[in-house]
Amino acid sequence: EGKRTRSDVAATPVSPLPRLRVLLPLPLADAYDYRVPPGLAVRPGNFVAVPLGGREVLGVAWDGEPDPALPEKRLRNILSVLDAPPMTATLRRFVDWVADYTLSPPGAVLRMAMSAPSALEPPAPQAGWRRAAALPGGARITPTRRRVLEVLADGAARAGGELAEAAGVAPAVLRGMADAGLIEPVLLPRRPRFVPPDPDRPGPELRPEQHQAAEALKATVARRAFATTLLTGVTGSGKTEVYFEAIAECLRQGRQALVLLPEIALSAQWLDRFRARFGAAPALWHSELTSRTRRETWRAVAEGEAPVLVGARSALFLPYPDLGLIVVDEEHETAFKQEEGVVYHARDMAVVRARLSAAACVLVSATPSLESANNAQTGRYAALHLPARHGGAEMPVVEAVDLRRTPPERGRFLSPPLVAAVTETLARGEQAMLFLNRRGYAPMTLCRACGHRLRCPNCTAWLVEHRAARRLQCHHCGHVEPIPEACPNCGAAHSTVPIGPGVERVLEEATALWPEARLLVMASDTIPGPAAAAAAAQAIQDRQVDLIIGTQIVAKGWHFPHLTLVGVVDADLGLAGGDLRASERTVQLLHQVAGRAGREERPGRVLLQSFVPEHPVMQALVSNDLDAFMAAEADGRRPGHWPPFGRLAALIVSSEDERAADRAARDLGLAAPGGEGVEVLGPAPAPLAILRGRHRRRLLLKTRRDIAVQPLLEAWLAKVQVPNNVRVQVDVDPVGF
Ligand code: ADP
Ligand code: ZN
């Protein structure tokens, strides 16, 4: 193919058209070469339209050398260059970097950076009206028309809708006035899309240790160079106020700041605090934005008009012209890991994005991941720590309730000590919270007659009863079915019984125990979006709620001043299963939940219901000695080179055909890389052995820290030809294993 023959040379025009690589936002392996027709000025970074098959596709002119061996006649011309801010070299490097690191097609990564394609069209200028320079003599001026003229009396132009509303007239009135020559159409000057936050508004007076930490962060931001800092401190120690100062410094430097939050939809309180500190709202980026807001925000970011952006992980791929700071709040959260499509960890990629942007990166957590803690210990990251809670508030007292000794009554889930504690708290007029990380009524449904358990038809998972919605639901694939009248296995009528509790069942128990109390369930299905979350938070703050029952969404950074008791219904829940990180994650989650209690004057109390109160996780929480726990956890992982002391990558082999999945997994196992410091575990059934009808097998590649996994993975995958009905997904640095 690639060799030039004599006839090729003869057919080539005297001066062939220049060529350019163009990356398309499609899951393709690489950029394609195109020709640049005469008269078209294209440079790397330009958004361009190109032909692909019979279609026209938008892409980005990319870097790198086109392949000179490609014959001229196989190349097609770039069609046009879009009038949009070009993609910066930094973002192009970032796309390439993420693709290389995660072994994803660069086009799939580019797609995340082009998530608002309509933003590439230049914004339509907005039309408006102003008062005619000279009012025509004979025009009739009715009272409605007079009102319009009064609104326009200052000489400024207004958009039609806004003008009609301000004057209290129907839009048709404006049309009539234009015909009569009383007002004239004009193009409005574009208003800035976001009011710039003001870094110099006074914030709260910082405590000395906060001040010291803030100064250190401000200094790294002012250096305008890459550096990563891990900011730790117990929940309520004032970390947010500290990194607000870093944002202020970034604004003073004239650079943009990005804050990643794990659950942007639940961040109403955070946004209130931001507005209070900076006098303006930040720009937001998450999956629930309307396409119009998405387009406007993308454009504003590209044009440097969104000085602060707060977003979910995908905000890393926005086109900041000059990013000076990235904050990752709650950096330990697994929500930062994207598991579908391009599998990446936003915390780690934030560090990369900061490095490519010569920006400061600040990772924030009360319970940092072992990865970040280790990076701080070895000096790769700077470390800042706030030792105490703000305002002298004490950390809550944490006690374990031994369910073997004080079990709940039969068929109930709240033990006598927890019931008594809630009763006392409510009697004092304070708020209590019951935490159970399980949506629905019961995690399993069983037939009393034959013992059959109701399973999802598509997954290795039990169906979860949602009693309020009167149905069974799979929490993995979304499968929904009615609660059966008869057992599908033995046919016995009305024989199914719920096994175990979900929040709905705790609600039922709480309603019976405290009939007077005002209850609120906070779960992703009862708090579906930002508005509901804000309303719930407000109701709690205004003391319209006595008892909160919630899943992990209550663990997020809420500040509920009147909440003094937290009861964890099943503290052992996260410890089941063979996941190496189960302990670390359980400590992080339960510490966050516990941190909701006693954040102001009145002390907080936390009760952990557990069958294993002697477990190191429970002991760490009770003694509030997380450092010792993390050190022990690290000691457990170091010898086997488990992360963060070694590198890990997972291959998930999946197919609707179980035998095909097994065969491909076995072939991969036979071709596994080896050698000093390299180990392959598996194949074994993946944690969800069947998911959405696909059979899943897993192989784990574990290497020493000084060995990169990507080249090994590439060579490995190249050795094995998997059939079309088998998919192999690569997960570098898996979080669950
Ligand atoms: P963290 O982020 O460490 O959990 P926050 O920054 O949310 O802690 O602070 C906890 C509470 O204390 C918040 O209500 C916050 O407004 C308040 N706070 C923190 N620092 C100060 C300060 N220096 N002055 C006044 N209030 C503060
Ligand atoms: Zn399912």
Test result for A468, at pLDDT 95 or above, of a type outside the set (D, E) and either within 16 Å of ligand 1 (Cβ to nearest atom) or farther than 20 Å from P687 by Cβ (or both): no
Looking only at region 373-392, and only at residues there that are buried (at least 19 other Cβ atoms within 10 Å of the Cβ) and within 16 Å of ligand 1 (Cβ to nearest atom), the one that is modelled with the lowest pLDDT: H390
Where a residue in region 200-211 is under 8 Å from G238 (Cβ atoms) and its partner, wherever it lies, is more than 16 Å from ligand 2 (Cβ to nearest atom) and in a loop (DSSP other than H, G, I, E, B), with Cβ under 6 Å and at least six apart: Q210/G238
All positions within region 547-599 that are among the charged types (D, E, K, R), over 24 Å from P417 (Cα atoms) and touching a strand residue (DSSP E or B) at 6+ places or on another chain (Cβ under 8 Å): D579
Scope region 297-310; condition closer than 11 Å to L258 by Cα and either of a type in the set (A, V, I, L, M, F, W, C) or modelled with pLDDT under 95 (or both); matching residues: V301, A306, V308, L309, V310
Test: residue in region 715-722 that is assigned to a helix (DSSP H, G or I), within 30 Å of C477 (Cα to Cα) and aliphatic (A, V, I, L, M): yes
Region 425-450 - residue that is under 27 Å from E516 (Cβ atoms) and exposed (fewer than 14 other Cβ atoms within 10 Å of the Cβ) and, of those, nearest to the chain's Cα centre (by Cα): G429
Qualifying residue in region 79-89 (condition: assigned to a helix (DSSP H, G or I) and either crowded, with 17+ Cβ neighbours inside 10 Å or within 32 Å of the chain's Cα centre (by Cα) (or both)): yes
Among (1) out of contact with any His (no Cβ under 8 Å at 6 or more places or on another chain); (2) in contact (Cβ under 8 Å) with a residue 12 or more places away in the chain; (3) part of a loop (DSSP other than H, G, I, E, B) - the single one P368 does not satisfy: (1)
Listing of strands (runs of 3 or more DSSP E) fully contained in region 430-499 that carry 2 or more residues being away from ligand 2 (no atom under 16 Å from the Cβ) and in contact with a Pro (Cβ under 9 Å, 6 or more places away or on another chain): 444-447, 496-499
Criterion (of a type outside the set (S, T, Y) and modelled with pLDDT under 95) met by exactly one of R638, R659, R663: R638
Residue check, A178 among the small types (G, A, S) and closer than 30 Å to G128 by Cα: yes
Considering residues of region 676-725 that are closer than 22 Å to E340 by Cβ and of a type in the set (S, T, N, Q) only, the residue nearest to ligand 1 (Cβ to nearest atom): Q710
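The values are calculated or read from the model by the stated rules, or taken from the named source; none is laboratory data. As the structure is a computational prediction, the values presented were derived from the model and not from experiment. Glycine also receives a Cβ, built like all others from the backbone with ideal geometry; neighbour counts cover every protein chain displayed.
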